[in-house]
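**Student:** I am attaching a structure below and will ask some questions about it afterwards.
The values are calculated or read from the model by the stated rules, or taken from the named source; none is laboratory data. Note that this is a predicted model, so its numbers are computed, not measured. For neighbour counting, all protein chains shown are included, and Cβ atoms are generated from backbone atoms with ideal geometry for every residue, glycine included.
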Amino acid sequence: MRIVEVIPYNKQWVQQFQEEANRLRQILGPELVEIHHIGSTSVSGLAAKPIIDVMPIVQNIHLIDQYKECMISNGYEPKGENGIPGRRYFVKGGHNRSHHIHIYDAGNPQIQRHLAFRDYLRAHPDAAREYGELKTKLASQFPHDITAYIKGKAKFVEKIDKRATDWYASNETAKP
């Protein structure tokens, strides 16, 4: 059974991301376009479940299935699209998950959504603090019910997602 645990920000998460990114670079090789640290562990100061979310961007998502055996031999469990069309999702660590890997084709709109959410929270510490407090409260309320935890934060995530998308789009147009 997975335990829902939210802990204070840990500076080690950046290093853990780098180590996993290097491992994925070796596995995916020339198919890899870029790789991003996303999710709550990518936002300095934000309380989070201690699971590193990694988002590799690849040239052709359909070729990723060819890497499945290599991913498995490196400790990743394939989950297919796992509810998001056009994604290949892998988890690592079983019930004590350490990493979530979200692989997308270059140009997939989910990429911008993830980056907007991350960057918005990085730029708006009050929203990040509020999000961290909500997650901490929900983890305390639902330590053995990941579904209730996710459902409990859904409205807040939706609100931030909308703000983040608008904010990100306006900042993109302001860039040279």
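**Student:** Please identify the pairs in which a residue from segment 137-165 that is more than 22 Å from residue 124 (Cβ to Cβ) and acidic (Asp, Glu) has its Cβ atom under 9 Å from the Cβ atom of a residue that is at pLDDT 95 or above and crowded, with 16+ Cβ neighbours inside 10 Å, counting only partners at least 6 apart or on another chain.
**Tutor:** The qualifying pairs do not exist here.
**Student:** Continuing with this model, one more query. Here is a list of conditions, (1) touching a residue at least 24 places away in the same chain (Cβ under 8 Å); (2) of a type outside the set (Lys, Arg); (3) outside any helix (DSSP H, G or I), and residue 21 meets all of them except one; can you say which number that is?
**Tutor:** (3)
**Student:** Going through segment 2-15 one residue at a time, which ones are under 23 Å from residue 123 (Cβ atoms) and crowded, with 18+ Cβ neighbours inside 10 Å?
**Tutor:** Once the filter is applied, which keeps residues that are under 23 Å from residue 123 (Cβ atoms) and crowded, with 18+ Cβ neighbours inside 10 Å, segment 2-15 yields 6, 13.
**Student:** Which of the residues that make up segment 72-86 are in contact with a strand residue (DSSP E or B) (Cβ under 6 Å, 6 or more places away or on another chain) and closer than 20 Å to residue 110 by Cβ?
**Tutor:** Hits for segment 72-86 are 76, 78, 79, 81, 82.
**Student:** Would you point out which residue out of 64, 57, 111, 35 is more than 15 Å from the chain's Cα centre (by Cα) and farther than 25 Å from residue 144 by Cα?
**Tutor:** Going through 64, 57, 111, 35 in turn, the sole match is 64.
**Student:** Hey, among 98, 73, which residue is more than 20 Å from residue 2 (Cβ to Cβ) and either at pLDDT 95 or above or not hydrophobic (A, V, I, L, M, F, W, C) (or both)?
**Tutor:** After ruling out the rest, the residue left standing is 73.
**Student:** Would you check if there is a residue in segment 90-107 being surrounded by fewer than 17 Cβ atoms within 10 Å (Cβ to Cβ), touching a residue at least 60 places away in the same chain (Cβ under 8 Å) and farther than 16 Å from residue 48 by Cα?
**Tutor:** yes
**Student:** So, in segment 28-40, of the ones that are surrounded by 19 or more Cβ atoms within 10 Å (Cβ to Cβ) and touching a Pro at 6+ places or on another chain (Cβ under 7 Å), which residue ends up farthest from residue 73 (Cα to Cα)?
**Tutor:** In this case the residue turns out to be 35.
**Student:** Taking residue 119 as the residue in question, decide whether it is assigned to a helix (DSSP H, G or I), modelled with pLDDT of 95 or more and surrounded by fewer than 20 Cβ atoms within 10 Å (Cβ to Cβ).
**Tutor:** Values: assigned to a helix (DSSP H, G or I): yes; modelled with pLDDT of 95 or more: yes; surrounded by fewer than 20 Cβ atoms within 10 Å (Cβ to Cβ): yes.
Answer is yes for this residue.
**Student:** Any chance segment 20-33 includes a residue that's on the phi > 0 side of the Ramachandran plot and either of a type in the set (Phe, Trp, Tyr) or touching a Phe, Trp or Tyr at 6+ places or on another chain (Cβ under 8 Å) (or both)?
**Tutor:** Within segment 20-33, none of the residues are on the phi > 0 side of the Ramachandran plot and either of a type in the set (Phe, Trp, Tyr) or touching a Phe, Trp or Tyr at 6+ places or on another chain (Cβ under 8 Å) (or both).
**Student:** Here's something else I'd like to know. Any chance you could count how many residues in segment 54-103 are β-branched (Val, Ile, Thr) and either part of a helix (DSSP H, G or I) or in contact with a Cys (Cβ under 8 Å, 6 or more places away or on another chain) (or both)?
**Tutor:** Going through segment 54-103 one residue at a time, the tally reaches 3.
**Student:** Return only the number of the condition from (1) surrounded by 12 or more Cβ atoms within 10 Å (Cβ to Cβ); (2) not in a helix (DSSP H, G or I) that residue 144 does not satisfy.
**Tutor:** So the condition that residue 144 fails would be (1).
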